[in-house]
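Student: Please find one structure pasted underneath; my questions will follow.
The values are calculated or read from the model by the stated rules, or taken from the named source; none is laboratory data. No experiment lies behind these values; they were computed from the predicted model shown. Cβ atoms come from the backbone with ideal geometry, glycine included; neighbour counts cover every protein chain shown. Heavy atoms of the whole protein, side chains included, go into the accessibility calculation; ligands, DNA and RNA do not. Shrake-Rupley method; radii C 1.70, N 1.55, O 1.52, S 1.80 Å.
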Amino acid sequence: MRRFLLALLAAALVLSAATPAMARHHAPAAPKADKTSAAVAQPAEQAPLLRIGLTSGQTGVTVAAGSRAEARTESSRPVALTANAPCEIRWQNGAFLVGREKLRGEVLIIRSSDKSDGGLALDGRRYRGALELRHRGAGLTAVNVVPVDDYLLSVVPEEMPTDWPAEALKAQSVAARSFALKSRGRHAAEGYDLCTTTHCQLYKGIASEKTASTAAVRATRGEVLTYGGQPIEALFHTDSGGMTESSEDVWGSHVPYLRAVRDTPLGTMPWTKTMSTADLEKKLAAKGHNIGRLRAIELSPLAVGRAAKDRTASGRVRAMTAVGTKGRATLTGTAWRSLLGLKSALFDAKLTKDTVTFTGFGAGHGLGISQWGAERLAETGKSYADILHHYYTGVTLQRNSY
């Protein structure tokens, strides 16, 4: 009996050690189960699934499989799709019309019948994973149900040049994975997790995949940045201009891992934009700020990394005031950037007789990773872990999370 009990204890310890650390502690919350999730249930060891919204409001779509595939609803028998043969799918009289076959149900799932994953093409663009079609409102909504790492194979090369150093690409991979897992459900009202634009992350399917970025995604499989045991919103931007920003100076809310940090060198990616005072006045008036003729601009001189009453710790504009013949308009740096199409809020402004010239540094909102900064750090020999810990304060690089 003693030997039997010892054997049982040893087996329990082996099973415990084999369980991924994040699964045992702070795994990201799974979406609520529904008919769709049941139709695309994943094995326990597989990477988390994401639901990516591809199109909406379509009267019909064309699907083609790279290998044998099938389409079915939750209440229908499967309909086989011939490999490399386009099939038109429409919603007609309360049912999905798949070629000539009518399938009744709320959700149509299309998946490959083998494990080759040659991809499923939706209107000519191929994607890994499965496709889901729903009738919503006036048309069909198409969703790509795909494991997070297969999703990243397209995202990373869209977000960062693939001829950059491998460590920068790995840092981008971990940041993109963390952002995706944190952002699941961002478009829940539309029936999916993430969109395909820069509102979430750029995603264009298999055609975007590149060898170098695929290697970076594979090398960091299961690696996620966490804070308090949960994936972080790992934001990134093109270039910091010499210093990143703290979240409250962009969003107005404090996020502990999005703190301003210095980059080297300072004053990177300089830019200039000149516009007429009349154009600036019109843009302000269109937003409800009728200041009349522009007479002055109130803004402290720019010094990267130096705060002022109207500038943040990074030197970005906290607030700038335009003084006119009929009034004043004070806007945040982020609002000015959006209104005038400036590359960043790290800028200076000079008013002449009939023009305003903005000079600044960097590109993007300034939160999280500076991508060009990551490239420079990688060139100096920094690892992707070093890069991530430089830009995100107090985070943990969680490995083997799935």
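Student: Note down all Cβ pairs under 6 Å where the first residue falls in the range 335-347 and is under 18 Å from Pro301 (Cβ atoms), the second is part of a helix (DSSP H, G or I), and they're at least six residues apart or on different chains.
Tutor: Every condition considered, the pairs that remain are Ala345/Gly333; Ala345/Thr334; Ala345/Arg337.
Student: Within the range 277-303, can you find the residues that are touching a Ser or Thr at 6+ places or on another chain (Cβ under 7 Å), open to solvent by less than 40 Å² (accessible area, probe 1.4 Å) and in a loop (DSSP other than H, G, I, E, B)?
Tutor: Gly292
Student: Hey, another quick one. Looking for whichever is outside any strand (DSSP E or B), of a type outside the set (A, V, I, L, M) and without any contact (Cβ under 8 Å) to a residue 60 or more places away in the chain here; the options are Gly373, Gly381. Which one fits? Before you say what the answer is, go through the steps one by one.
Tutor: Details: Gly373 fails: without any contact (Cβ under 8 Å) to a residue 60 or more places away in the chain.
When all the criteria are applied, what remains is Gly381.
Student: Return the residues of the range 61-79 that are of a type in the set (Ser, Thr, Tyr) and either open to solvent by less than 60 Å² (accessible area, probe 1.4 Å) or free of Cβ contacts under 8 Å to residues at least 24 places away in the same chain (or both); say none if nothing qualifies. Give the steps one after another, and end with the answer.
Tutor: If we filter the range 61-79 for residues that are of a type in the set (Ser, Thr, Tyr), which is where we start, we get 62, 67, 73, 75-76.
Thr62, Ser67, Thr73, Ser76, listed by residue number.
Student: Has the range 165-178 got any residue that is surrounded by fewer than 19 Cβ atoms within 10 Å (Cβ to Cβ) and touching a strand residue (DSSP E or B) at 6+ places or on another chain (Cβ under 8 Å)? Break it down stepwise before answering.
Tutor: Let us first name the residues in the range 165-178 that are surrounded by fewer than 19 Cβ atoms within 10 Å (Cβ to Cβ), namely 166.
Now drop any that are not touching a strand residue (DSSP E or B) at 6+ places or on another chain (Cβ under 8 Å), which leaves none.
No - not one qualifying residue is present in the range 165-178.
Student: Let me ask another. Anything in the range 80-116 that is in contact with a strand residue (DSSP E or B) (Cβ under 7 Å, 6 or more places away or on another chain), without any contact (Cβ under 8 Å) to a residue 60 or more places away in the chain and of a type in the set (D, E, K, R)? List them, or say none.
Tutor: Glu88, Arg90, Glu101, Lys102, Arg104
Student: Which numbered condition trips up Leu367, out of (1) surrounded by fewer than 16 Cβ atoms within 10 Å (Cβ to Cβ); (2) within 23 Å of Arg259 (Cα to Cα); (3) under 31 Å from the mean Cα position of the chain (by Cα)?
Tutor: (1)
Student: Would you mind finding the one in Ala171, Ala176 that is under 30 Å from Gly333 (Cβ atoms), in contact with an Asp or Glu (Cβ under 7 Å, 6 or more places away or on another chain) and part of a helix (DSSP H, G or I)?
Tutor: Ala176
This table checks each residue for (1) modelled with pLDDT of 95 or more; (2) more than 24 Å from the chain's Cα centre (by Cα); (3) open to solvent by less than 70 Å² (accessible area, probe 1.4 Å); (4) closer than 18 Å to Glu190 by Cβ.
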{"residue": "Arg51", "(1), (2), (3), (4)": "yes, no, yes, yes"}
{"residue": "Leu54", "(1), (2), (3), (4)": "yes, no, yes, yes"}
{"residue": "Leu81", "(1), (2), (3), (4)": "no, yes, yes, no"}
{"residue": "Asn84", "(1), (2), (3), (4)": "no, yes, no, no"}
{"residue": "Glu101", "(1), (2), (3), (4)": "no, yes, no, no"}
{"residue": "Ala121", "(1), (2), (3), (4)": "yes, no, yes, no"}
{"residue": "Arg126", "(1), (2), (3), (4)": "yes, no, no, no"}
{"residue": "Val143", "(1), (2), (3), (4)": "yes, no, yes, yes"}
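Student: Would you pick out the residues in the range 384-402 that are part of a helix (DSSP H, G or I) and over 19 Å from Glu158 (Cβ atoms)? It would help to see each step written out before you state the result.
Tutor: In the first step, residues of the range 384-402 are kept if they are part of a helix (DSSP H, G or I); the result is 384-391.
Across the range 384-402, the qualifying residues are Ala385, Asp386, Ile387, Leu388, His389, His390, Tyr391.
Student: With the condition kept exactly as written, say whether any residue in the range 341-352 is touching a Leu at 6+ places or on another chain (Cβ under 9 Å), at pLDDT 95 or above, of a type in the set (Gly, Ala, Ser) and open to solvent by 20 Å² or more (accessible area, probe 1.4 Å). Working first, answer last.
Tutor: Quick first cut of the range 341-352, residues touching a Leu at 6+ places or on another chain (Cβ under 9 Å) only: 346-349, 351.
In the following step, the residues that additionally are at pLDDT 95 or above were identified as 346-349, 351.
If we keep only those that are of a type in the set (Gly, Ala, Ser) as well, we get 349.
Still in the list and also open to solvent by 20 Å² or more (accessible area, probe 1.4 Å): 349.
Yes, some residue in the range 341-352 is touching a Leu at 6+ places or on another chain (Cβ under 9 Å), at pLDDT 95 or above, of a type in the set (Gly, Ala, Ser) and open to solvent by 20 Å² or more (accessible area, probe 1.4 Å).
Student: If you scan the range 336-356, which residues turn out to be part of a strand (DSSP E or B) and of a type in the set (Phe, Trp, Tyr)?
Tutor: Phe347 - this is the single residue of the range 336-356 that is part of a strand (DSSP E or B) and of a type in the set (Phe, Trp, Tyr).
Student: Please go through the range 237-276 and give me each residue that is of a type in the set (Gly, Ala, Ser) and open to solvent by 20 Å² or more (accessible area, probe 1.4 Å), ordered by number.
Tutor: As a first pass, look at the range 237-276 and keep what is of a type in the set (Gly, Ala, Ser): 240-242, 246-247, 252-253, 260, 267, 276.
Residues satisfying the conditions are Gly252, Ser253, Ala260, Gly267, Ser276.
Student: Something else: Can we say Glu132 is under 26 Å from Gly57 (Cα atoms) and in a helix (DSSP H, G or I)? Full working, then the answer.
Tutor: Working: under 26 Å from Gly57 (Cα atoms): yes; in a helix (DSSP H, G or I): no.
No.
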